[in-house]
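Asker: Pasting a structure here, questions to come.
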Amino acid sequence: MTNFAPTLTVTPADALVDVPRRICVHDAPPGAEVELAASTLRAGVTWESRVVCRAAADGTVDLTRDAPLAGDYAGVSAMGLLWSQQPAGGRSRELFHASMDQPLETRIVARVAGREARATLVQRLAADGVTRREVREDGLVGTLYLPPGDGPHPAVMILNGSGGGINEPRAALYASRGYAAFALAYFKAPGLSDYISNTPLEYFQAGMQWLRRTVRPAHDFVALSGQSRGGELVLLLGATFPQDVSAVVAYVPGAVVHSGQNAADPKVGRNGPTWLLGGKPLPHLWENNRTASWAPFDEGPPPHRHERAILTALQDPEAVARARIRVEDIRGPVMLLSGTDDGSWPSSRYSAMVRDTLRQAGHPYPVQWLDFQDAGHAILFPYVPTTQLVYAHPVSGKVSTSGGNPKDNARADEQSWAGVLQFLDDAVRARAAQ
């Protein structure tokens, strides 16, 4: 075993974050145990993972083929070294650098019988030629990412959930895949409220109108993409302003209008309204609800499951009917993405409600639903860590679990993004054919 020189390859070594890689060790002693360790700096915090594999008879370890003997993930997973990473020295929720132009660089080391081989895996959110523009006009706060080339490009507006802020990573990746992507903030961003309470829906209509004027999208196609409270919101906007919405992508959505919950202004309270239309609050699930209780969420040791409180509110059918989003009014295709172990709210149940309503109404557009078994609330996009299931809510500070487990959340990340891109591509083609 003395006359060998292992090598480590990553193919492709440098690509967009959603591109799978092949990680291989070559020229190891047949049958030897090979340790693979990965380290990535993410927003100033080092994230790490480690596995031990056995070299095949030809001296190779191929993570697309080989399951680890031990380590941070089990089973065959080509990108397991990425999704199983955990932050060194504590918890962190930041997966990306502040600048979308700064790629994530993962250093991988293979160690076998006292020898080492090294390689670097580079993940980019913004492809070459993608441009970024801060938007602070017409009362809007957001960031516009444009694909390379003159266009016109179809457009998508991206809305965050109860954490607020501007979802630049998703916008950069949408632009890298050919969409004029407008990440619009509606709270917890410069010049906006710190809270979700009493947000006017007209603000989002103004955002769609600004996007159309600014980028003049191909085929006048403007889709909405949102997750969690943003998933509730994109369904609500599609139903409220159907003439403005070409397609809806609802990640872990709600099927009803909710109160302010964890993102509420303390002066309004978590039982107070979230959305306004014409200056008036929309009826929400907690309003005059005979069965709703926060006790299953509030009581007991953390981490808490917010979903348990929501389930109490859903036991009042009259309150559910008053708060229901009229998704049958949407005039375009709808995609729903959910996890069966969602700890934040029952996104699978909500998605089924939306699907069933659209089916009963004879919705004339495609409806797709990807429901991921044992996955939780945090469905993002592929090949990023999925290990941070417990977190302090960025507004309320309540320590909660989003549910799921790292392996099934990673599967949901990968399959959901492929599904969304295909859904949008099909929706654009259908729009072009009209």
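The values are calculated or read from the model by the stated rules, or taken from the named source; none is laboratory data. Predicted model only: the values in this text are computed from it and were never measured. Positions of Cβ are backbone-derived with ideal geometry, glycine not excepted, and every protein chain shown enters the neighbour counts. Side chains are part of the model used for accessible areas, which takes the heavy atoms of the whole protein and leaves out ligands, DNA and RNA. Shrake-Rupley method; radii C 1.70, N 1.55, O 1.52, S 1.80 Å.
Asker: With the requirement that a residue be touching a Phe, Trp or Tyr at 6+ places or on another chain (Cβ under 8 Å) and open to solvent by less than 30 Å² (accessible area, probe 1.4 Å), what does region 338-351 give you?
Answerer: Residues satisfying the conditions are SER338, GLY339, SER351.
Asker: Now for a different question. Filtering region 139-153 down to residues that are open to solvent by 20 Å² or more (accessible area, probe 1.4 Å) and at pLDDT 95 or above, which residue is farthest from GLY238 (Cα to Cα)?
Answerer: Going through region 139-153, the residues open to solvent by 20 Å² or more (accessible area, probe 1.4 Å) turn out to be 139, 146, 148-153.
Now restrict to residues that are at pLDDT 95 or above: 139, 146, 148, 152-153.
Details: GLY139: 21, LEU146: 23, PRO148: 28, PRO152: 23, HIS153: 21 Å.
Checked region 139-153; the qualifying residue farthest from GLY238 (Cα to Cα) is PRO148.
Asker: If a residue counts only when it is of a type in the set (Lys, Arg), farther than 20 Å from ALA218 by Cα and in the same structural domain as VAL215 (by the TED database), which strands (runs of 3 or more DSSP E) contained entirely in region 120-182 have at least 1 such residues? Outline the logic, then answer.
Answerer: Values: elements: 131-137, 140-146, 155-159.
Per the criteria, 131-137.
Asker: Here's something else I'd like to know. Among the listed residues VAL112, VAL122, VAL156, identify the single one that is modelled with pLDDT of 95 or more, surrounded by 23 or more Cβ atoms within 10 Å (Cβ to Cβ) and within 30 Å of VAL61 (Cα to Cα).
Answerer: Just a single option satisfies the conditions, and that option is VAL112.
Asker: If you don't mind, there's one more thing I want to ask. Could you list, ordered by first residue, the pairs with Cβ atoms under 8 Å in which the first is in region 181-205 and free of Cβ contacts under 8 Å to residues at least 60 places away in the same chain and surrounded by fewer than 17 Cβ atoms within 10 Å (Cβ to Cβ) and the second is of a type in the set (Lys, Arg) and not in a loop (DSSP other than H, G, I, E, B), at least 6 apart or interchain?
Answerer: If the second residue must be of a type in the set (Lys, Arg) and not in a loop (DSSP other than H, G, I, E, B), the pairs left are PRO190/ARG136; GLY191/ARG136.
Asker: Any chance region 408-427 includes a residue that's assigned to a strand (DSSP E or B) and surrounded by 17 or more Cβ atoms within 10 Å (Cβ to Cβ)?
Answerer: No: zero hits.
Asker: Could you go through region 287-295 and let me know if any residue there is within 27 Å of ILE330 (Cβ to Cβ), open to solvent by less than 40 Å² (accessible area, probe 1.4 Å), of a type in the set (Phe, Trp, Tyr) and touching a helix residue (DSSP H, G or I) at 6+ places or on another chain (Cβ under 7 Å).
Answerer: no
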